[in-house]
1. For the range 5-17, indicate whether the set of residues that are of a type in the set (D, E, K, R), over 18 Å from V114 (Cα atoms), modelled with pLDDT of 95 or more and touching a Ser or Thr at 6+ places or on another chain (Cβ under 7 Å) is non-empty.
2. Give the number of residues within the range 159-171 that are under 19 Å from E135 (Cα atoms) and not polar (S, T, N, Q).
3. Out of the residues in the range 1-57 meeting the condition of being among the β-branched types (V, I, T) and touching a strand residue (DSSP E or B) at 6+ places or on another chain (Cβ under 7 Å), tell me which one is farthest from F146 (Cα to Cα).
4. So which of V49, V62 is β-branched (V, I, T), crowded, with 19+ Cβ neighbours inside 10 Å, in contact (Cβ under 8 Å) with a residue 24 or more places away in the chain and farther than 24 Å from K4 by Cα?
5. Which one is nearest to E153 (Cα to Cα), of the residues in the range 1-30 that are exposed (fewer than 14 other Cβ atoms within 10 Å of the Cβ) and of a type in the set (V, I, T)?
6. With the requirement that a residue be free of Cβ contacts under 8 Å to residues at least 60 places away in the same chain and either at positive phi or of a type in the set (D, E, K, R) (or both), what does the range 119-158 give you?
7. Do we find that G106 is exposed (fewer than 12 other Cβ atoms within 10 Å of the Cβ), modelled with pLDDT under 95 and at positive phi in this structure?
8. Please count how many residues of the range 109-141 are crowded, with 20+ Cβ neighbours inside 10 Å and within 17 Å of L160 (Cα to Cα).
Amino acid sequence: MDLKTVVRSIPDYPKPGILFRDVTTLFQDAAALKQLTDDLVKSLEGKQVDLVVGPEARGFVVGATLAYALGAGLVLARKPGKLPCESLRYEYALEYGTDSLEIHVGAIKAGQKVVVVDDLLATGGTCLATIKLVEKMGGEVVGARFAIELAEECNGRETLKDYDVYSTIVY
């Protein structure tokens, strides 16, 4: 199936001039979610993956299905203050201000092979912050995977040019 037909496009959301790509319609379609997961698994053939890391919040969904299909563990990258134990934080720049992600200390061991996965690649800032946390913990990033990439509008691949990037759907 053409997964682009399953993703809902919402004009002028969250502000005029923006065409929002709503991945939740893909998640609620069982066949589409399976196809997305299978495609991401195929993109990782020949790579060892010990852990999948998904940033909050939709990265949890894509990350969980991918980790299950790969037989890998899942690590959550959360917004500050959401993790109950000691965590490492990485702060990154946004268009107006900063944001941060955290991962529990010890969640990633030195040398583990890690794929970072999220629902959307726009500017690449969230993914790069997640990658930096993985590397800070000694993990080896073997790839970054996305359900959707906004290539024409945002060019997040440039931000992630030092990494193996793959997206199932590209706009």
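1. yes
2. Number satisfying all stated conditions: 6.
3. In this case the residue turns out to be I10.
4. Within the list V49, V62, the selection yields V49.
5. Checking each candidate, the answer is I18.
6. Of everything in the range 119-158, those that are free of Cβ contacts under 8 Å to residues at least 60 places away in the same chain and either at positive phi or of a type in the set (D, E, K, R) (or both) turn out to be G124, K132, E135, K136, G138, E140, E149, E152, E153, N155, R157, E158.
7. no
8. Within the range 109-141, residues that are crowded, with 20+ Cβ neighbours inside 10 Å and within 17 Å of L160 (Cα to Cα) number 18.
The values are calculated or read from the model by the stated rules, or taken from the named source; none is laboratory data. None of the values given here were measured: they were computed from a predicted structure. When we count neighbours, we look across all protein chains shown, and the Cβ atoms used for this are built from the backbone with ideal geometry, even at glycine.
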